[in-house]
1. Restricting to the stretch 402-440, name every residue that is surrounded by fewer than 18 Cβ atoms within 10 Å (Cβ to Cβ), over 23 Å from residue 111 (Cβ atoms) and touching a residue at least 40 places away in the same chain (Cβ under 8 Å).
2. For a quick check of your reading: which helices (runs of 4 or more DSSP H) sit entirely within the stretch 22-129 and have at least 2 residues that are within 21 Å of residue 349 (Cα to Cα)?
3. Would you check which residues across the stretch 82-125 are away from the ligand (no atom under 16 Å from the Cβ), touching a residue at least 40 places away in the same chain (Cβ under 8 Å) and within 17 Å of residue 261 (Cα to Cα) and list them?
4. If we keep just the residues of the stretch 302-328 that are free of Cβ contacts under 8 Å to residues at least 60 places away in the same chain and more than 13 Å from residue 208 (Cα to Cα), which is nearest to the chain's Cα centre (by Cα)?
5. Could you say which residue among 329, 325, 336, 313 is within 16 Å of the ligand (Cβ to nearest atom) and out of contact with any strand residue (DSSP E or B) (no Cβ under 7 Å at 6 or more places or on another chain)?
6. Kindly evaluate residue 452 against the criterion of being in a helix (DSSP H, G or I) and either under 21 Å from the mean Cα position of the chain (by Cα) or closer than 18 Å to residue 235 by Cβ (or both).
7. Given the criteria more than 8 Å from the ligand (Cβ to nearest atom) and crowded, with 22+ Cβ neighbours inside 10 Å, does residue 44 qualify?
Ligand code: TRP
């Protein structure tokens, strides 16, 4: 395939700055692949089901879908467009575009906020991905074969109460991530994701069938798609919107960085729709696979929190034919999905240190990975020794998650919408999106200028106010 000859963005950045004629993904599919690899991750398989469960299902899911459509997709188009115009790491891209638009320097903060949010997310992302790594071995050794729901819950609780084990697996995952980012993005992960995402999808479908046959599928569908508005709070709406940013990898420059390598004439609109569609389908299928099992086992509650995936799925795999194999394979794939996302959490910061601070790719990775690892220890401890230590009702992990997903990503997303919608010259914006039809462009531009910022603004203010009042 021609794209494999392409220099990876990582290698480009490794050479220092990226002046004028710098390489691009050879086709828009390579971009779709990289962006989908970034988007589909723990957010879809682990986080979406458990936060939907905590927020009572239906109405939360509807708000989430609306946010994907009216905020996520339009902002993603804007991020790719900004990245492709700036053609540098997000911080320098924002610098360049700010100057181009003749604006104050403060707008650089968009790039900075994003890069910092990325490292904060990576810190706990590695901890959760570590659970998945640990579960590969547990599954393969038959620990869950024939286990009851209670026994599975105890195995999970034992893992959480053991900081040494959690740190070990967090460390392994972090090393895996750094190895890829040091080596380059496209050839390793790009190819892996292309093969593995379909397999992940097939495995999810197998689980779905298991759920339909042996779980309470009707109740799961009812839970996820009936709009019981009473269960929804403003705090939940804020969480749904934050998750729309999280799951599409928006608001921190990951997609902007990947957009910087997009070919000049690829159609941004369709490409982004493809990524958004795949991401949403994976999340919904994961929900439909997990909740039938939850409802068939009274000992697990839908609002069980971060452990939901790690309790409900082993029950299914432990009690189905071929569960040993499929179960191990499933957690391998969860790990890989997390892996291809994690690289996009650190790449923008790495690219910046190389471009502007003369770091080598290796030292940049070691420094940033080290920082994220140390911060991650706080999340590790919040599941055991520090479980009682809380700020405003959040433990450390919950606080990092809230601050990044519900505050920093929406805020950066809002600034991006305002920047692209109101501050860049309309001709510039139109010329980057020249391949879109007039109608499509006009609709997008209108939503980005009016609907997205107003929605984010209202949800943000109401959500924060209600969360803390
Ligand atoms: N989207 C990924 C997931 O759903 C996580 C992720 C990767 C991310 N890169 C990001 C989230 C950038 C926000 C910003 O698991």
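Coordinate-derived values only; no laboratory data. Since the structure is predicted, the reported quantities are computational estimates derived from the model, not experimental observations. Reconstructed Cβ throughout: ideal geometry from the backbone, glycine too, with neighbour counts over all protein chains shown.
1. Those that are surrounded by fewer than 18 Cβ atoms within 10 Å (Cβ to Cβ), over 23 Å from residue 111 (Cβ atoms) and touching a residue at least 40 places away in the same chain (Cβ under 8 Å): 435, 440.
2. On the way: elements: 28-39, 48-54, 58-67, 73-86, 90-100.
In the stretch 22-129, the matching helices (runs of 4 or more DSSP H) lie at 28-39, 73-86, 90-100.
3. Within the stretch 82-125, 84, 85, 86, 87, 88, 92, 97 qualify.
4. We begin by selecting, within the stretch 302-328, every residue free of Cβ contacts under 8 Å to residues at least 60 places away in the same chain; these are 312, 321-322, 325.
Still in the running and more than 13 Å from residue 208 (Cα to Cα): 321-322, 325.
Details: 321: 32, 322: 30, 325: 27 Å.
Applying the filter and picking the extreme gives 325.
5. On the way: 329 fails: within 16 Å of the ligand (Cβ to nearest atom); 325 fails: within 16 Å of the ligand (Cβ to nearest atom); 313 fails: within 16 Å of the ligand (Cβ to nearest atom).
The match here is 336.
6. Values: in a helix (DSSP H, G or I): yes; either under 21 Å from the mean Cα position of the chain (by Cα) or closer than 18 Å to residue 235 by Cβ (or both): yes.
Judged against the criteria, residue 452 is a match.
7. Working: more than 8 Å from the ligand (Cβ to nearest atom): no; crowded, with 22+ Cβ neighbours inside 10 Å: yes.
Taking the combined requirement at face value, the residue does not satisfy it.
Matching residues to (1) over 21 Å from residue 310 (Cα atoms); (2) assigned to a loop (DSSP other than H, G, I, E, B); (3) in contact with a strand residue (DSSP E or B) (Cβ under 8 Å, 6 or more places away or on another chain); (4) within 14 Å of the ligand (Cβ to nearest atom):
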| position | (1), (2), (3), (4) |
| --- | --- |
| 257 | yes, no, no, yes |
| 264 | yes, yes, no, no |
| 282 | no, no, no, yes |
| 294 | no, no, no, no |
